[in-house]
Each structure stands twice: as structure tokens, then as C-alpha cells.
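To keep things clear, I will list the structure first and then write my remarks on it.
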Amino acid sequence: MEQTETPIFHHTLPLQLRFNDVDLLGHVNNSIYFSFYDLGKSRYFEAVKAQNIDWKKADVVIANVNADFVSPIYPSESIAVQTCTTEIGHRSFKLLQQIVNTETGQVKGVCRTVMVGFDVKAGTAAAVSDEWKDAICRFEGKELRKK
């Protein structure tokens with residue numbers, strides 16, 4: 001059986017809860033989690049590339065997203081989204097994110113995203129650029145390319 005490594009999150013983004021994030025049950029609506037994950041992804045990519053990203057020229061796009069809702073988020077909680085890359089292939093890479101209570105460390109939700117390379121001019125999938133692969137490995141401090 002393959003043993004998986006415990007992820008290390010080098011990117012954490014504190015999140016501000018808004019009044020309209022909370023539903024009638026008194027906790028953050030499940031749909032809002034995806035906004036948090038998207039915000040985490042965009043800030044993670046900016047940190048990885050050490051620059052602002054022009055999303056009109058983005059050469060990576062989301063191919064698949066899977067989310068687990070672990071525990072409700074309540075308006076009084078301080079939360080953050082953490083993001084890391086777990087694996088890089090030729091045409092895709094995998095992101096892992098979690099929303100955590102910053103005071104207790106309790107995980108509120110987990111998201112796994114597959115990003116694919118994208119040729120903006122052709123409008124089709126493409127290989128993930130070496131620039132992205134190198135930047136991610138440098139940011140994460142380890143080699144993540146599949147052998």
C-alpha cells in the first residue's frame with residue numbers, strides 16, 4: 001500500500017466573512033466555500049509566480065474540482081484557506097486546499113482541484129509550461145513532477 005505524505009501548506013490566506021455569506025441556518029453557505037477556494041487559488045498562483053497574473057492570458061485552467069464539507073463555518077470564526085500543489089504531470093497538476101479555523105486549527109473543508117495547461121490562442125488544452133512547473137516546485141521547496 002502506498003503511503004501518502006502529509007501535505008505542507010506554504011500558502012495561507014486569511015478570509016473575511018461577510019454578512020451575506022451566512023445562510024438561514026446560521027453558518028456559511030456551502031456555495032461560498034468555492035469562492036474561498038478560488039480566492040486562495042488566485043493568491044497562491046500570484047505567490048508562486050511572484051507577480052500579478054493576467055487572467056485573460058491564463059495558461060492554466062480548472063479541469064475538475066472536488067470538495068468535502070467537513071464542519072460548518074460560523075460567523076464568529078477566524079478562518080483561512082491554505083493551498084499547496086501535490087503533484088505535477090505533463091498536462092496537469094493537482095492542488096490541495098483546506099479551509100481552517102485559524103484559532104483551533106480545525107479543518108472546515110477540503111478541496112482537490114486538477115488544473116490543466118491551456119493554449120489561450122487555440123482555446124484548447126496544452127502541456128503545463130516548464131515555467132509553471134519550475135515556479136511551483138521552487139515555491140513548494142520540492143520536486144513534484146511525476147516520474
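Just so you know, all these numbers are worked out from the coordinates, no wet-lab data involved. Values in this document were obtained by computation on a predicted structure and should not be read as measured data. Neighbour counts run over all protein chains shown; Cβ positions are idealised from the backbone, glycine included.
Computed quantities for the displayed model
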read-out	value
Segment 6-51 shape via C-alpha gyration tensor axes, a/c threshold 1.5	prolate
Largest-first principal axis extents, alpha carbons of segment 81-129, Å	46, 18, 13
Net charge of neighbours whose Cβ lies under 14 Å from the Cβ of residue 102, counting Lys and Arg as +1 and Asp and Glu as -1	-1
Sequence-separation-based contact order of segment 49-98, relative, with Cα cut under 8 Å and 6+ spacing, percent	22
Estimated FRET transfer efficiency (residue 125, residue 31; beta-carbon r; R0 30 Å; 0.05)	0.65
Ellipticity estimate at 222 nm from DSSP helix runs (n ≥ 4, -39,500 (n - 2.57)) divided over the chain, nearest 500	-7000 deg cm²/dmol
Percentage relative contact order, the chain, counting C-alpha pairs under 8 Å, at least six apart	26
Within segment 32-47: backbone nitrogen closer than 20 Å to the residue 69 label point (7 Å, Cα to C-beta)	32-40
Square roots of 5 times each gyration tensor eigenvalue, C-alpha, the chain, largest first, Å	28, 18, 14
